[in-house]
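So the structure is just underneath, and the comments pick up after that.
The values are calculated or read from the model by the stated rules, or taken from the named source; none is laboratory data. Just so it is clear, the model here is predicted, and its values are computed rather than measured. Don't worry about glycine lacking a Cβ; one is built from the backbone with ideal geometry, like all the others, and counts go over all protein chains shown.
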Amino acid sequence: MTKIAITGASGRYGRTATDKLIMAGRAEDLLLITRTPAKLAERAKAGCEVRYGDFDKPETLLTSLQGAEAMLLISGTRVGARVRQHKEAIDAAAATGIRHIVYTSFINVDVANPAIVTLDHRETEHLIRSSGMTWTFLRDAHYADAMIVNAGPGFIASGVWLTSTRGGREAMVWRDDCVDCAVAVLTQQGHENKAYPITGPKCESFAEIAAMLSEISGHPIRLVDTNDEGMYAHFDTLGIPREPVDDQNVAGIPWNSDDMVSFERAIREGWLDICTDDVERLTGRKARSVRQMIEANASLLRSAKS
């Protein structure tokens, strides 16, 4: 069986992918790469091999990737500053004999998308294409989890959702559906040198999502329009840094405001108005909807208004 290295294996995406591959009987084929091996002790007990590896210490990647034939390269968290890290992982993969890279990218990166997240992904895709290895790009849409589970309780508690999207639409996707697509690609044949836009089943505006949150939580949310400057000011009041800070979360939000403000612009200008059936093509089941995520987290959302 193919040996699979997973970078960032102690993060949420990496843990979920690992658990699904363990359930598929692939524990002994997994090399879990992490800066914090102690966090994956349970996965080691399940039969995975846990190895120390750090994007910022290239020599550790040359050691930790030895023996792998495929790599799930989970993009780093430093939006706007992670190409160098990704390059180290790609170079190490090529040097150690890895044949195939599966990369967690983002939708619509191969055009002039204003979301700064696309800059890192576009350059990383270029580096992978140029590496000589085969590749699969999983171009994941905006995670529904981020807006519903992380940000949703704040909208409900305040009764206000501030946005600069101006009616723009996107097909948000469950992170778990994205992971299922990665697992499918890693365990099936025929995905070499293909890019898949991984989206939810329907494009929706923030107004439509706010209406669903209001209905299901029982607490009204008022959508308030602002501009980019207003969004920056709002994130500043929350203590969210404008540029990325490693391992920092504020109010459940792990990003920086440069990222989020440009993201809202991309939605406003229609760059994320994309909907595909690739979740179903890869996994055999339909992508789950934003409404289903709200319903699945209804108790959490109802309790957000004290």
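Condition check for Leu62 on (1) in a helix (DSSP H, G or I); (2) within 21 Å of the chain's Cα centre (by Cα): one failure, at (2).
From the list Ile128, Ile148, Ile101, the lone residue that is farther than 23 Å from Lys194 by Cβ, out of contact with any Lys or Arg (no Cβ under 8 Å at 6 or more places or on another chain), modelled with pLDDT of 95 or more and not in a loop (DSSP other than H, G, I, E, B) is Ile148. Here segment 13-50 is the region considered, the condition is being out of contact with any Lys or Arg (no Cβ under 7 Å at 6 or more places or on another chain) and in contact (Cβ under 8 Å) with a residue 40 or more places away in the chain, and the residue that is farthest from Gln85 (Cα to Cα) is Ala24. Evaluation of Ala5 against the conditions (1) under 22 Å from the mean Cα position of the chain (by Cα); (2) within 15 Å of Ala95 (Cβ to Cβ); (3) part of a helix (DSSP H, G or I) shows that the sole unmet condition is (3). Would a scan of segment 80-95 turn up a residue that is closer than 20 Å to Val173 by Cβ and crowded, with 24+ Cβ neighbours inside 10 Å? Looking through segment 80-95, none of the residues is closer than 20 Å to Val173 by Cβ and crowded, with 24+ Cβ neighbours inside 10 Å. Does any residue of segment 172-193 turn out to be in a helix (DSSP H, G or I), touching a helix residue (DSSP H, G or I) at 6+ places or on another chain (Cβ under 7 Å), without any contact (Cβ under 8 Å) to a residue 60 or more places away in the chain and not β-branched (Val, Ile, Thr)? No.
Checked against (1) surrounded by fewer than 17 Cβ atoms within 10 Å (Cβ to Cβ); (2) of a type in the set (D, E, K, R); (3) modelled with pLDDT of 95 or more, Glu49 meets all criteria but (1). Which one of Ile116, Ile128 is under 20 Å from the mean Cα position of the chain (by Cα), in the same structural domain as Arg78 (by TED's automatic domain parsing) and free of Cβ contacts under 8 Å to residues at least 60 places away in the same chain? Checking each option against the conditions leaves just Ile128.
Does at least one position in segment 264-273 carry a residue that is buried (at least 17 other Cβ atoms within 10 Å of the Cβ), closer than 15 Å to Ala151 by Cα and in contact with a Ser or Thr (Cβ under 8 Å, 6 or more places away or on another chain)? Yes, segment 264-273 contains at least one residue that is buried (at least 17 other Cβ atoms within 10 Å of the Cβ), closer than 15 Å to Ala151 by Cα and in contact with a Ser or Thr (Cβ under 8 Å, 6 or more places away or on another chain). Identify the residue in segment 65-101 that is closer than 17 Å to Thr134 by Cα and of a type in the set (Val, Ile, Thr) and, among all such residues, is farthest from the chain's Cα centre (by Cα). The qualifying residue farthest from the chain's Cα centre (by Cα) is Thr96.
Using the structure shown, decide if Lys20 is of a type outside the set (Ser, Thr, Tyr) and within 17 Å of the chain's Cα centre (by Cα). It is true that Lys20 is of a type outside the set (Ser, Thr, Tyr) and within 17 Å of the chain's Cα centre (by Cα). Residue pairs whose Cβ atoms lie under 8 Å apart, separated by 6 or more positions or on different chains, with the first residue in segment 287-298 and buried (at least 22 other Cβ atoms within 10 Å of the Cβ) and the second of a type in the set (Gly, Ala, Ser) and not in a helix (DSSP H, G or I), are Ala287/Gly200; Val290/Gly200.
Here's the yes/no breakdown for (1) modelled with pLDDT under 95; (2) over 25 Å from Phe137 (Cα atoms):
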site	(1), (2)
Gln189	yes, no
Asn193	no, no
Pro201	no, no
Glu204	no, no
Glu208	no, yes
Glu215	no, yes
Asn256	yes, no
